[in-house]
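Visitor: Take a look at this one; I'll ask things after.
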Amino acid sequence: MQADKVIQVHNLVKKFGNFTANDALSFDVYRGEIFGFLGANGAGKTTTIKILTGLSKPTSGDISVAGFDVYKQSDDIKRNIGYMSQKFSLYEDLSIVENIRLYGGIYGLSRKEIKNRTNALLSRLGIEDKANVLIGSLPLGWKQKIAFSVAIVHNPDIVFLDEPSSGVDPITRRQFWDMIYEAAHQGITVFVTTHYMDEAEYCDRVAILVSGKMVALDSPGKLKHDYDEDSMEGVFVKLARGKRSFVKNNK
Amino acid sequence: MKRFLALLKKEYLHIFRDMRTLMILFGMPIVQILIFGYVIKNEVKDVDIAVLDYAHDEYSIELRSKIQASGYLNIVDELQSSEQIHDAFKRAKVSEVIVFPNDLANDLQKDNQPAIQLILDATDPNYAQLIGQYTEAILLDYAVEMSAITPQQESIKLENRMVFNEELESSFMFVPGTMAFILMLLSALMSSITIAREKETGSMEVLLVSSLKPLQVVLGKVMPYVILAFVNAVSVILVGNIVFGVPIEGSVILLMLVSVLFVITSLALGIMISTIADKQFTAMMMSMLILMLPTMLLSGFIFPIENMPEVLQWLSCIIPARWYLEIIKSIMLKGAGIAFIWQQVLILTGMFIVTIAISVKNYKLRLE
C-alpha cells in the first residue's frame, strides 16, 4: 500500500437486484488532492460515496479508504473521514455553537479541543457574534459553509462531499470552493460529487460517471484538451452522448 | 461514552427547545386523564327518570321516595298517561319510566306479585341495562322489607359485594387505561417520529458515517423519551391518586418497574416503525394506525376483552397494552405482587425482545 494513495478502488461493483449502480469502477485518490466525481443524477455517484464512507457495502471489488479495508475495518475508516451530505444535515433547532459541539463530541474530541476549534472556526468564518444563532435562521450559503467546517472539525484524512452545493448560487459556490481549497492545503483530501460543470473545473482531477460506468478520469485541463472542448460541460456532453449511443448499439 | 453523551445532550436540546412539543408531552397526559376521568362514566348516578303512577297510594309513594333517596335515580317528571311515555323519551329528558299499576296496594296485601313495569331508553343498550338493574335492586329491596313485616315463606336473598372497587368508580378503570395509552403514545409515536425526522433531514446519514455505532445512535435518540415517559407515568398516577382517589394497593416500586418495561417495549415498537418509515408523516400515520387504535380498542381499556368476538380476543393478545393493563390493575387495585403477574411480565418481556430483534435486523438491512 502506498502512503500517498488515500483511497484505492479496484473493480468496485454494486448491484441492487438486477440494476448495476456501479459497474467495475477503478481509481486511486492521492493525499491532498481535490477529486471530483462528475455525473448526471442517477449515474451512481451517491452509491459510490456511500460505499466509501461505510454507509453501504459493495457487491464486489477491493476497496481501501485511509488505508483501511471497507469490508472489515469500516469503524477505522469512519474515525478518519468527514462527510457532508446534499442536505447539509445541521440541526436547524440548534445554534451554530451547539452544532459544532455536537459533532465534535460525536467524533470524540476532548472538551478543550472542541472549545479551541469552535473558536477557530467562528473566527475563520467571521461569525463570532452569531455563535448562538439558530441554524434554521441562517441563509443557505452560510449553512453550507458551517456544514463544511463541521464536517472537518475533527481534522479527518479525507472529507466526502455529496453534491455539497446544490441549490446555492454560483457566487456563494465560489466562496465555498475557497474553503475547500483551504482544507486541501491543510492536507485534507477532498472527494466531491457534483453535477455542476463549473465545480468540475475547480477539481484537481475529475472522474466522469455515465450510467454506473467510469468513462473518463483526468485533470480538467487534460480532459478538455483530449476531447477538444473549451469547457467541462462540452466534455461531459460528448461523453454522455457517446455512452448513450454505445448503450443503444449494445441492444 | 463521551460521544454518546454528546448525542444525548443534542436530543435533550431538541426536546426542550421545542416548547410546543414539550407542552404536549407534559400537558397531554394530565389533560387526558382528567377528561377520561370526568367525562367517561359508566356508573349510574342521578339518572333522570319519570314515573307513571296509576296507584297513588301509600305504597307507590313510599316506593317513589325510596327510589329518590337511593341517589342513583332522580325522578324529574310525573306522567299522567301512557301516551306521554314515548314523548318523554323522545325529548330525551329521561332514561327510564317506572309504571306503577293501580292495584299495587291490593296486590301487595293479598301476597300477589305486583307487576311494576320498567320502560327503558335502549338507544344506549348497556346503559339501559345498567339502569334497569339498579332499579330492580331498589324495588327488590323494598319487597324484601315488606316480606319482613308480613312474614312469608323463605326465599333466596342475594347479597352482592363488589371487591377491589366497592363504589364501582369508573376512574379506577380509566386511570390505568389512560396510563397505558399515554405511555404507548409518547414512547412509540415520539421515538418513531424523532428517528424518522433524522432520516428525512439527512442528518441520520451523517450520524451513521461518524464513528458512533448504529445502536448507539438509536439509543441516544430514544433514551430521553424513556425518562419523559417515566415522568409522565408518575404524574398520571399522582393525578389518578389525588384527584380520583385511585389507590395503589401494591408495591409502588413494582408498578414503576413494570411501567419502565412497558415503556421500553413501546419504544422498541417505535424504533421498529422508524426502520420502515422514512418520513415523519409516515411514521406518525403508522404509529396511529398500528399502535394507537388497537391500544384504545383492543387492550381492554374501554371495551372488555371477554365480550369481543374470539378472533379479536386472539388479536388482543399481541397488544402489549393489554398485558400491561392487566398488570397495573392487579398492582394498583388488588395489591398483587410479582407472584400473580409474572406471566404477563414475561409476555411483555418477550414482546420487547422480539420487537427489538426485528428492529435491529431491519436496521441492518436498510444500511446495505
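The values are calculated or read from the model by the stated rules, or taken from the named source; none is laboratory data. What you see is a predicted model; the values in this text were computed from it and never measured. Using ideal geometry, Cβ is built from the backbone for each residue, glycine included, and neighbour counts are taken over all protein chains shown. Areas reflect the complete protein model, heavy atoms only, side chains present, ligands, DNA and RNA absent. Shrake-Rupley method; radii C 1.70, N 1.55, O 1.52, S 1.80 Å.
Visitor: For A:PHE35, work out the one condition from (1) more than 24 Å from A:TRP177 (Cβ to Cβ); (2) more than 13 Å from every other protein chain (Cβ to nearest Cβ) it doesn't fulfil.
Guide: Failed condition: (1).
Visitor: With the condition kept exactly as written, say whether any residue in region B:228-236 is of a type in the set (A, V, I, L, M, F, W, C), closer than 30 Å to B:SER203 by Cα and open to solvent by 40 Å² or more (accessible area, probe 1.4 Å).
Guide: Scanning region B:228-236 turns up at least one residue that is of a type in the set (A, V, I, L, M, F, W, C), closer than 30 Å to B:SER203 by Cα and open to solvent by 40 Å² or more (accessible area, probe 1.4 Å).
Visitor: Scan region A:87-105 residue by residue and report those that are facing chain B (nearest Cβ under 7 Å) and in contact (Cβ under 8 Å) with a residue 40 or more places away in the chain.
Guide: Matches in region A:87-105: A:SER89, A:TYR91, A:ASP93, A:LEU94.
Visitor: Is there any pair linking a residue in region B:203-228 that is facing another protein chain (nearest Cβ under 8 Å) and closer than 21 Å to A:PRO156 by Cα to one that is among the aliphatic types (A, V, I, L, M) and part of a loop (DSSP other than H, G, I, E, B), with Cβ under 8 Å and at least six apart or on different chains, and which?
Guide: B:SER203/A:LEU90; B:GLU205/A:LEU55; B:LEU208/A:LEU55; B:VAL209/A:LEU55
Visitor: Looking at B:MET296, B:MET272, B:MET308, B:MET292 in this structure, which one is within 27 Å of B:HIS14 (Cβ to Cβ) and either within 17 Å of the chain's Cα centre (by Cα) or not assigned by TED's automatic domain parsing to the domain that holds B:PHE181 (or both)?
Guide: Result: B:MET292 is the single residue among B:MET296, B:MET272, B:MET308, B:MET292 that is within 27 Å of B:HIS14 (Cβ to Cβ) and either within 17 Å of the chain's Cα centre (by Cα) or not assigned by TED's automatic domain parsing to the domain that holds B:PHE181 (or both).
Visitor: Looking only at residues in region A:118-134 that are under 24 Å from the mean Cα position of the chain (by Cα) and away from chain B (no Cβ under 14 Å), which one is most open to solvent (accessible area, probe 1.4 Å)?
Guide: A:ARG124
Visitor: I'd like to check something: does region B:19-32 contain any residue that is open to solvent by less than 90 Å² (accessible area, probe 1.4 Å), assigned to a helix (DSSP H, G or I) and basic (Lys, Arg)?
Guide: The answer is no, given that none of the residues of region B:19-32 is open to solvent by less than 90 Å² (accessible area, probe 1.4 Å), assigned to a helix (DSSP H, G or I) and basic (Lys, Arg).
Visitor: Please name all residue pairs, on different chains or six or more residues apart, with Cβ atoms under 6 Å, provided the first residue is in region A:135-154 and is surrounded by 22 or more Cβ atoms within 10 Å (Cβ to Cβ) and the second residue is of a type in the set (D, E, K, R).
Guide: What qualifies is A:VAL153/A:ARG117.
Visitor: Wholly within region A:1-78, which strands (runs of 3 or more DSSP E) include no fewer than the required count, namely at least 1 residues that are without any contact (Cβ under 8 Å) to a residue 24 or more places away in the chain and among the acidic types (Asp, Glu)?
Guide: Qualifying strands (runs of 3 or more DSSP E): A:19-30.
Visitor: Take region A:154-203 and flag every residue that is among the β-branched types (Val, Ile, Thr) and either closer than 23 Å to A:ASP218 by Cβ or in contact with an Asp or Glu (Cβ under 9 Å, 6 or more places away or on another chain) (or both).
Guide: Answer for region A:154-203, where residues must be among the β-branched types (Val, Ile, Thr) and either closer than 23 Å to A:ASP218 by Cβ or in contact with an Asp or Glu (Cβ under 9 Å, 6 or more places away or on another chain) (or both): A:ILE158, A:VAL159, A:ILE180, A:ILE188, A:THR189, A:VAL190, A:VAL192, A:THR193, A:THR194.
Visitor: For region B:89-113, which positions are touching a residue at least 40 places away in the same chain (Cβ under 8 Å) and of a type outside the set (Asp, Glu)?
Guide: Once the filter is applied, which keeps residues that are touching a residue at least 40 places away in the same chain (Cβ under 8 Å) and of a type outside the set (Asp, Glu), region B:89-113 yields B:LYS93, B:VAL94, B:SER95, B:VAL97, B:ILE98, B:VAL99, B:PHE100, B:PRO101, B:ASN102, B:LEU104, B:ALA105, B:LEU108.
Visitor: Determine whether region B:249-268 contains at least one residue that is closer than 26 Å to A:LEU55 by Cα, in the same structural domain as B:MET179 (by TED's automatic domain parsing) and open to solvent by less than 70 Å² (accessible area, probe 1.4 Å).
Guide: There is at least one residue in region B:249-268 that is closer than 26 Å to A:LEU55 by Cα, in the same structural domain as B:MET179 (by TED's automatic domain parsing) and open to solvent by less than 70 Å² (accessible area, probe 1.4 Å).
Visitor: Filter region B:274-333 for residues that are assigned to a loop (DSSP other than H, G, I, E, B) and either within 25 Å of B:GLU200 (Cα to Cα) or open to solvent by 50 Å² or more (accessible area, probe 1.4 Å) (or both) and give the result.
Guide: Once the filter is applied, which keeps residues that are assigned to a loop (DSSP other than H, G, I, E, B) and either within 25 Å of B:GLU200 (Cα to Cα) or open to solvent by 50 Å² or more (accessible area, probe 1.4 Å) (or both), region B:274-333 yields B:ALA277, B:ASP278, B:LYS279, B:ILE302, B:PHE303, B:PRO304, B:PRO309, B:ILE318.
Visitor: Every residue in region A:68-81 that is surrounded by 23 or more Cβ atoms within 10 Å (Cβ to Cβ) and more than 8 Å from chain B (Cβ to nearest Cβ), please.
Guide: A:ILE77
Visitor: Before we move on, is B:SER187 assigned by TED's automatic domain parsing to the domain that holds B:ILE338, over 22 Å from B:ARG3 (Cα atoms), hydroxyl-bearing (Ser, Thr, Tyr) and open to solvent by 10 Å² or more (accessible area, probe 1.4 Å)?
Guide: So B:SER187 fails the test.
Visitor: Please state which one of A:LYS45, A:LYS14 is within 14 Å of chain B (Cβ to nearest Cβ) and basic (Lys, Arg).
Guide: A:LYS14
Visitor: Looking at (1) closer than 30 Å to B:LEU5 by Cα; (2) polar (S, T, N, Q); (3) in contact with a Phe, Trp or Tyr (Cβ under 9 Å, 6 or more places away or on another chain); (4) open to solvent by less than 10 Å² (accessible area, probe 1.4 Å), which is the only condition A:SER95 fails?
Guide: (3)
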